[in-house]
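Read the structure below first, then the notes.
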Amino acid sequence: MPAKISGYPASEPLAPLKGSNSGGVVADKAQSDSSAAPTSTSQTGDHVTLTDSARSLQKLSEAVAQAPVVDAAKVASVKQALNGGTYQIDAARVADKILQSERGLK
């Protein structure tokens, strides 16, 4: 869902999309249009401030990205049980899980 900021057309980006210190001037639309020439202030770089919740989300995202997709120990255990003929399937538990999943889809 695109963000809507009043006073700015959605087709026009508010700032450069990639890189920092690109040398381009980002105009402030809130200033009057009479001063169309770029000002002589030097830009020292981009500055971003993240909220505490954004930092937490970033850390969580990094932790999830580093977590293995598959539990290798569990896979090895199941393989060993299958090969040894000792793997037991609880049909009632499987059926309950299927029903729970189906109810969750509705």
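Only the coordinates and a few stated rules stand behind these numbers; no lab work does. All values derive from a computational prediction rather than experimental measurement. No Cβ is skipped: glycine too gets one built from the backbone with ideal geometry, and neighbour counts run over all protein chains shown.
Here is a list of conditions, (1) loosely packed, with under 10 Cβ neighbours inside 10 Å; (2) more than 32 Å from the chain's Cα centre (by Cα), and THR51 meets all of them except one; can you say which number that is?
(2)
If you go through segment 74-93, how many residues are surrounded by 10 or more Cβ atoms within 10 Å (Cβ to Cβ) and not in a loop (DSSP other than H, G, I, E, B)?
8
Search segment 54-67 for residues that are assigned to a helix (DSSP H, G or I) and pair each with any residue that is not small (Gly, Ala, Ser) when their beta-carbon atoms are under 8 Å apart and the residues are at least 6 apart or on different chains.
Pairs found: GLN58/LEU50.
Could you check SER101 against (1) in a helix (DSSP H, G or I); (2) over 24 Å from the mean Cα position of the chain (by Cα); (3) surrounded by 10 or more Cβ atoms within 10 Å (Cβ to Cβ); (4) not acidic (Asp, Glu) and say which number it fails?
Every listed condition holds for SER101 apart from (3).
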